[in-house]
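The values are calculated or read from the model by the stated rules, or taken from the named source; none is laboratory data. Since we're looking at a predicted model, the values are computed, not measured. Note: ideal-geometry Cβ built from the backbone for every residue, glycine included; neighbour counts use all protein chains shown. Surface areas here come from the heavy atoms of the whole protein model, side chains and all, with no ligands, DNA or RNA. Shrake-Rupley method; radii C 1.70, N 1.55, O 1.52, S 1.80 Å.
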Amino acid sequence: MKTRRSLLTDAALASAFLALPRAVRAATQVAGPVRPKALAPGARVALVSPAGPQNEAEGVVIAEEVVASLGLVPKRMPSAARRTMYLAGTDEERTADLNAAFRDPSVDAIWCVRGGYGSGRLLPLLDWEAIRKNPKALLGYSDITALLNPINARTGLVTFHAPTCAENISEYSVAELKRVVFTAEPAGVVAAAPPVEPVEGFVDREDRLRRIAPGTARGRLVGGNISVYAMLVGTPYEPDLDGKILFLEEVEESPYRIDRWLTGFLLTGKLSRCAGIVLGKFKDCEPSGDGDFKGSWTWQEVVANRLGKLGIPVLAGLRFGHVKDKATLPVGVLAELDVEKGTLTLLEAAVR
């Protein structure tokens, strides 16, 4: 556990980091990738709750059963089922679980029970050296975005924007998870909707792709939930976007809020240095039509307006995010985005 003095030292180091020239700051980030071991039947998986608490009494029990259903052996960490207001235990308790899981040689991978809020609060408390020395698959999404990206940026460890384990994982999502985390070879095309059987009078609306800006791009994947990723911008934990493919998704946010976060990104000048941008599902992000925002743009119009003139390929509508059927995207793995084909392809293995 860190003392108040060590936390103040972390804050001072963060301020000094931000004062460095950009080229020097970029040099502190690891190119990677460092691939964790592939998951396999019998692998021991630590269950952690780095963000919010469970909404139901048996949430962690359900997580254990979901993990066991995949042939894995769950290990519940001490704070996984705790509650401190809207957090799953204190910052120190939640961080202790995560650090202990990385240090434990009997643990093969770490799976976040749920998202919520609070992962970013752990960043100054993480044992970065333990993470570097003990590379393991870390899985989760939503608020876990705040861990996946800094860990990859600082250590080179490939992390996984994947389903959390207290939710039932659909057949589609299990198949995508296994192709990326259980198989030590390039997964190929990911996050694509299954082919739709042609039917008279029917057009698929759920999985329509929006080709916002044409082209193809290659780069390492980085990203996750927009609102959580935005918290990292301007901090020493922010990943370098140069030459990366940025993937973004969101849930239950009004279009003007999405506009605000994207505008913030644009004002930094960093988005234009991405190789490309791919957007997943924006669930329940339609305009409310209330007050000052009556007659609002849709989220689709917002992303086209904010991202369409960057001069890089931009594709929207792939299957990842806060939806039942979601892909697993490995942060730090080389991928290719092809807007015309509507595909995101993993070019290298995410695990070893």
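For Ile144, all conditions in the list (1) part of a helix (DSSP H, G or I); (2) more than 24 Å from Thr345 (Cα to Cα) hold save one; what is the number of the exception?
Failed condition: (2).
Suppose the filter is part of a helix (DSSP H, G or I) and either in contact with a His (Cβ under 6 Å, 6 or more places away or on another chain) or of a type in the set (A, V, I, L, M, F, W, C) (or both); does Ala153 pass it?
It is true that Ala153 is part of a helix (DSSP H, G or I) and either in contact with a His (Cβ under 6 Å, 6 or more places away or on another chain) or of a type in the set (A, V, I, L, M, F, W, C) (or both).
Looking only at strands (runs of 3 or more DSSP E) that lie completely in the stretch 235-352, which have at least 2 residues being open to solvent by 10 Å² or more (accessible area, probe 1.4 Å) and under 17 Å from His161 (Cβ atoms)?
In the stretch 235-352, 276-283 are the strands (runs of 3 or more DSSP E) which contain 2 or more residues that are open to solvent by 10 Å² or more (accessible area, probe 1.4 Å) and under 17 Å from His161 (Cβ atoms).
Of the residues Arg179, Arg205, which single one is of a type in the set (Lys, Arg) and modelled with pLDDT under 95? Walk me through it before giving the result.
On the way: Arg179 fails: modelled with pLDDT under 95.
After ruling out the rest, the residue left standing is Arg205.
Is it fair to say Ala153 is among the small types (Gly, Ala, Ser), within 20 Å of Arg319 (Cα to Cα) and within 19 Å of the chain's Cα centre (by Cα)?
When the stated conditions are applied, Ala153 does not pass them.
Given the conditions (1) closer than 18 Å to Gly115 by Cα; (2) aliphatic (A, V, I, L, M); (3) open to solvent by 30 Å² or more (accessible area, probe 1.4 Å), report the number of the one that Val199 does not fulfil.
For Val199, the exception is condition (1).
Take the conditions closer than 26 Å to Asp240 by Cβ, out of contact with any Gly (no Cβ under 8 Å at 6 or more places or on another chain), open to solvent by less than 50 Å² (accessible area, probe 1.4 Å) and in a strand (DSSP E or B) and apply them to Leu221. Does it pass?
Criteria not met by Leu221.
Filter the stretch 184-196 down to residues that are exposed (fewer than 15 other Cβ atoms within 10 Å of the Cβ) and at pLDDT 95 or above, then give me how many there are.
Selection size over the stretch 184-196: 3.
When you go through (1) β-branched (Val, Ile, Thr); (2) in contact with a strand residue (DSSP E or B) (Cβ under 6 Å, 6 or more places away or on another chain); (3) in a loop (DSSP other than H, G, I, E, B) one by one for Ile212, which number turns out not to apply?
So Ile212 meets the others, but not (3).
Pairs needed: first member in the stretch 171-198, in a strand (DSSP E or B); second member anywhere, among the acidic types (Asp, Glu); C-beta distance under 7 Å; at least 6 residues apart or different chains.
As it stands, the answer is Val190/Glu176, since those pairs meet every condition given.
If we only count strands (runs of 3 or more DSSP E) wholly inside the stretch 17-136, which ones have 1 or more residues that are modelled with pLDDT of 95 or more, β-branched (Val, Ile, Thr) and buried (at least 17 other Cβ atoms within 10 Å of the Cβ)? Break it down into steps so the answer makes sense when it comes.
Numbers: elements: 44-48, 73-76, 109-112.
Counting at least 1 such residues, we get 44-48, 109-112.
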